[in-house]
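Student: So that we are looking at the same thing, I have put the structure below in structure tokens.
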Amino acid sequence: MGGLPLVLDGGLATRLEAYGRDLGGGLWSARLLAEEPELIARVHRDYFEAGADVAIAAGYQASVEAFTARGYSRSEALGLLARSVELALTERDAFGSGLVAAGVGPYGAALADGSEYTGAYDLDEEGLYSWHRERWRVLAGAGADLVACETLPSLAEARALARLLSRTPGARAWFSFSCADGTRISDGTPLREVAAELAPLYRQGLLVAVGVNCVPPRNVPSLLAEVAAAGLPSVAYPNSGEVWDARERSWTGNGDAEGFGEAAAGWCEDGAVLVGGCCRTGPEHVRSVRARVDALPR
């Protein structure tokens with residue numbers, strides 16, 4: 001992509017929760033596209049002000065099926081999908097600089113059953129292609145600069161989205177995966193093999209990076225090495241480093257923003273062209289990443 005790595009924003013849901021919102025339920029943060037779009041816009045503004053170059057729009061958990069199941073009409077559901085991108089674009093334009101990535105979450109996010117971290121789906125590649133097709137058309141056609149295909153757990157889903165990307169004139173995307181460990185995506189496929197399969201899209205100028213999100217920071221260096229071995233630039237936006245304790249229903253561990261920024265500088269040295277944060281990261285993490293990226297040799 002040229003120049004210094006771009007800084008992505010932090011966790012959308014994390015910031016919404018910091019504003020006191022309860023995001024329980026299958027729609028998660030997407031519910032606020034209908035109920036409080038101005039708050040989603042405010043979060044995008046917070047991250048731009050913290051130094052983010054790229055805002056990821058709030059489409060991760062949004063789907064036609066999820067909205068219609070909660071009483072919205074099909075046309076209303078499609079409008080809410082488009083709104084996710086429109087909110088981010090409006091805030092970017094008001095801020096005066098930056099990029100917007102349409103957020104395309106995996107099928108598992110819409111199921112809200114945790115399968116975005118396993119890839120244990122009831123659909124094969126063809127079924128996933130059909131499920132994503134209408135949502136992709138709306139999100140990829142809403143005017144964003146990029147498409148962020150996030151937290152993908154399986155090679156089948158990556159293949160389905162790769163087909164959609166290759167059939168969308170003018171679209172450019174990154175693919176980032178949830179992972180089982182330091183070398184494999186969640187369905188067990190080595191990330192190096194996934195990246196190698198996606199490499200033709202990069203050579204065609206359709207894919208800007210392959211990498212990981214919503215993973216522990218400690219696994220990022222080895223995962224990025226797998227992407228580099230396939231000859232591709234990478235994207236990395238892991239969780240803060242904290243771990244969810246289901247029994248205590250609380251986060252434990254260290255989510256230190258300064259340490260996160262230091263780690264991000266290392267990811268850039270490992271080939272990342274896009275760096276930011278996912279769950280439990282906020283504007284303080286983005287500010288730290290921004291400072292470290294700006295200090296990199298030019």
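Student: If you place +1 on the Cβ of every Lys and Arg and -1 on the Cβ of every Asp and Glu, how big does the dipole about the Cα centre of region 6-294 come out, in debye to the nearest 20?
Tutor: Computed about the Cα centre, the dipole is about 540 debye.
Student: Rounded, prolate or oblate for region 13-93? Axes are the square roots of the Cα gyration tensor eigenvalues, ordered a ≥ b ≥ c, and the cut-off for rounded is a/c under 1.5. Mind dumping the intermediate values first?
Tutor: Numbers: a/c = 2.48, a/b = 1.51, b/c = 1.64.
It comes out oblate by the Cα gyration axes.
Student: Taking the Cα centre of region 179-248 as the origin, how large is its charge dipole in debye, to the nearest 20, when only Lys and Arg (+1) and Asp and Glu (-1) carry charge on their Cβ atoms?
Tutor: Computed charge dipole of region 179-248: roughly 240 debye.
Student: Take each of the peptides 42-48, 211-217, 265-271, average the number of other beta-carbon atoms within 10 Å over its residues, and list them starting from the highest. Could the numbers behind the result be given before it?
Tutor: Details: 42-48: 23.0, 211-217: 24.7, 265-271: 18.9.
Highest-to-lowest ranking by the protection proxy: 211-217, 42-48, 265-271.
Student: While we're looking at this one, here's another question. Of all beta bridges DSSP finds with both residues in the chain, what is the antiparallel percent, to the nearest 5?
Tutor: Around 15 percent antiparallel, to the nearest 5.
Student: Which distance in Å, rounded to a whole number, links the C-alpha centroids of region 55-74 and region 82-118?
Tutor: Taking the Cα centre of each part, region 55-74 and region 82-118 sit 11 Å apart.
Student: Right, something else. Beyond 30 Å, how much of the Cα-Cα pair distribution for the chain remains, as a whole percent?
Tutor: Tail fraction, whole percent: 23.
Student: Is it possible to state the helix-based mean residue ellipticity at 222 nm for the chain, with each DSSP H run of 4+ residues giving -39500 (n - 2.57), the sum divided by total residues, to the nearest 500 deg cm²/dmol? What is it? Provide the component values of the computation, followed by the final result.
Tutor: Working: 12 runs with 134 residues, N = 298.
One gets -13500 deg cm²/dmol as the mean residue ellipticity at 222 nm.
Student: OK, next. Evaluate the Debye formula for region 217-268 with equal point scatterers sitting on the alpha carbons, no solvent, and hand back log10 of I(q)/I(0) at q = 0.13, 0.20, 0.23, 0.29 Å⁻¹, in q order, two decimals.
Tutor: -0.39, -0.74, -0.86, -1.10
Read the figures in this text as sums done on the coordinates, not as results from a lab. Treat the numbers as computed from the prediction; the structure is a model and nothing was measured. All Cβ positions, glycine included, derive from the backbone under ideal geometry; neighbour counts span all protein chains shown.
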